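Participant: Mind looking over this structure? Questions follow.
The values are calculated or read from the model by the stated rules, or taken from the named source; none is laboratory data. Note that the coordinates shown come from a computational prediction; the quantities given were computed from them, not determined experimentally. Backbone-built Cβ (ideal geometry, glycine too); neighbour counts: all protein chains shown.
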Amino acid sequence: MTEVWFYISNDASDGARALLLRRLLERAQQSARHLHIHTRDESAATRLDQWLWQPSSSFLPHGLVDGEQANKQSVVIGHGASPGQSHDVLVNLDQQVPDFFSRFKRVVELVSGNEKDRQTSRERWKYYRDRGYHVTKHELG
C-alpha cells in the first residue's frame, strides 16, 4: 500500500515549499529513487522545469513527463491525469490529491508554514487517512 509522508516546515515565506523541494531533490540525487513531481498545470510544470535549470539551484537531471527522454530521467515533472511510467515516489505540489496517487510506493507532500498551505494540507491529510493510507508527519526545522 502507498505510504504518505508530509514534510512540514515552519517557514511561511513565499519560497518555503521550493526550499523543501530542493532539499528533497538533493537527497533523491544521492539515491536510486525515481520521482514524479506533480504540478497543478502545464504552466507550473514549465516554471519548475526552468527553475531547475537555473544556476542558483543545484543542477538535477530531470525532464517533463511528455518529453522524449522522460523514461530515462530519475526526476520527471508532470501535470494532469498521466504520471508516466515511473511509480516510485510522487511529490505532489498541487493543492489537490491526484487521482493516480495510489499507483506510487510513496507520496510526498510538502507543507510550508503559510496558513493557507497548512489548511489545504490538512484536507489532503484527511483525504489519505480516511481512505486507510498510513500517513507520517516529518517536522523540519
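Participant: Restricting the search to the range 1-35, which residues are outside any loop (DSSP other than H, G, I, E, B) and touching a helix residue (DSSP H, G or I) at 6+ places or on another chain (Cβ under 6 Å)?
Facilitator: Quick first cut of the range 1-35, residues outside any loop (DSSP other than H, G, I, E, B) only: 3-9, 16-29, 35.
Scanning the range 1-35 gives Val4, Tyr7, Ser9, Leu35.
Participant: Let me ask something else about it. May I ask you to list pairs of residues, at least six apart or on different chains, whose Cβ atoms are under 6 Å apart, with the first in the range 112-141 being closer than 14 Å to Phe101 by Cβ and assigned to a strand (DSSP E or B) and the second being modelled with pLDDT of 95 or more and among the β-branched types (Val, Ile, Thr)?
Facilitator: Val135/Val4
Participant: To continue, here is another question. Under 9 Å by Cβ, and 6 or more places apart or on different chains, what pairs join a residue from the range 9-29 that is without any contact (Cβ under 8 Å) to a residue 40 or more places away in the chain with one that is surrounded by fewer than 19 Cβ atoms within 10 Å (Cβ to Cβ) and hydroxyl-bearing (Ser, Thr, Tyr)?
Facilitator: Cβ pairs passing all conditions: Ala18/Ser57; Leu19/Ser13; Arg22/Ser57; Arg22/Ser58; Glu26/Ser58.
A quick yes/no check of all residues on (1) farther than 15 Å from Val111 by Cα; (2) surrounded by 14 or more Cβ atoms within 10 Å (Cβ to Cβ); (3) at pLDDT 90 or above; (4) within 13 Å of the chain's Cα centre (by Cα):
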| position | (1), (2), (3), (4) |
| --- | --- |
| Phe6 | no, yes, yes, yes |
| Ala12 | no, no, yes, no |
| Gly15 | no, no, no, no |
| Leu21 | no, yes, yes, yes |
| Leu35 | yes, yes, yes, yes |
| Thr39 | no, yes, yes, yes |
| Ala44 | yes, yes, yes, yes |
| Leu48 | yes, yes, yes, yes |
| Gln54 | yes, no, no, no |
